[in-house]
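Peer 1: Provided herewith is a single structure, encoded as C-alpha cells, for subsequent inquiry.
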Amino acid sequence: MFIQTEDTPNPQSMKFLPGVDILGPGAAGMDFPNAQTAKPSPLAATLFEVDGVAGVFLGSDFVTVTKYEGTEWRHVKPGVLGAIADFLTAGIPVLDAAAAPERKPATSLDDYEAEDREIVEQIIELIDTRVRPAVAADGGDIAFQHYEPRTGVVFLSLHGSCAGCPSSTMTLKAGVENLLKHYVPEVAKVEAVA
C-alpha cells in the first residue's frame, strides 16, 4: 500500500493519505487528542502505540498525526506509515461500532429563532462550503459550535493539525472572521473553543 504524506502548517502534525476512505465522504472528522480517547477507533489506538505520537485525527480520506514536541518526524513517520498500512491491509474497521464516541454536540438550529436562525444557517453554510475544505486540505477540521446574537460572536472548534497550530489564530482572525464578517454583517468576531 502506497501512502502519501503532506506537511501541514503545524510543524508538529503530518497528513497521511492512504488512497482509501478512512471515515468516508462527507463524514465529520474525529479528533483523538490522546491515547485515552482512542477507544472508539482501533486505528487511532494502533497509532498511539507508535513512539512519539501525541494525537490522531481521522478525516474522510486522510489521517493526521501529531507528534510530541522535541520528537523528530524521521523517528515517528516510518512507524506511522507501517501502522496505517498494516491496519488498512488487514481490513479491520476504523471505528468500533460498540464504542461509539461521545460527541459534544454543537448548538442546534432549533436553539435559534427567526432572524438569528437565518444568520446561523448562513454561518454554517459558509463554514461547510468555503472553510472546511481548505482546513481539511491542511489535515484538520473546523466546526461551528455557537453564535451569540447579542454580541455577534461566533464560536468554532479546531481539530486535527489545526488544534495546536501556530497559524490557527491567523486562520481564524484573518481568514474565517473576515469571510464571515463580509458575508454575514451581524458577525462581529470569531473565537476558538476547546
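The values are calculated or read from the model by the stated rules, or taken from the named source; none is laboratory data. Note that the structure is a prediction, hence the values are computed from the model and not measured. Note: ideal-geometry Cβ built from the backbone for every residue, glycine included; neighbour counts use all protein chains shown.
Peer 1: For region 63-94, give me each residue that is crowded, with 22+ Cβ neighbours inside 10 Å and either in a loop (DSSP other than H, G, I, E, B) or of a type in the set (S, T, N, Q) (or both).
Peer 2: The answer is Thr64, Thr66.
Peer 1: Something else: Mind counting the residues in region 134-155 that are in a strand (DSSP E or B) and either in contact (Cβ under 8 Å) with a residue 40 or more places away in the chain or buried (at least 22 other Cβ atoms within 10 Å of the Cβ) (or both)?
Peer 2: Within region 134-155, residues that are in a strand (DSSP E or B) and either in contact (Cβ under 8 Å) with a residue 40 or more places away in the chain or buried (at least 22 other Cβ atoms within 10 Å of the Cβ) (or both) number 8.
Peer 1: Which pairs do you get when a residue that is assigned by TED's automatic domain parsing to the domain that holds Val153, found in region 168-179, comes within reach of a residue that is modelled with pLDDT of 90 or more, reach meaning Cβ atoms under 7 angstrom, with the pair 6+ apart or on two chains?
Peer 2: The qualifying pairs are Leu179/Leu126.
Peer 1: While we're on this one: Taking the condition of being of a type in the set (Asp, Glu) and closer than 21 Å to Leu158 by Cα, how many residues in region 1-57 meet it? Talk me through it step by step, then tell me what you get.
Peer 2: Here is the first cut: in region 1-57, the ones of a type in the set (Asp, Glu) are 6-7, 21, 31, 49, 51.
Checking which are closer than 21 Å to Leu158 by Cα leaves us with 6-7, 31.
Count: 3.
Peer 1: Just the residues that are polar (S, T, N, Q) and under 19 Å from Asp138 (Cβ atoms), please, taken from region 29-68.
Peer 2: Residues satisfying the conditions are Ser60, Thr64, Thr66.
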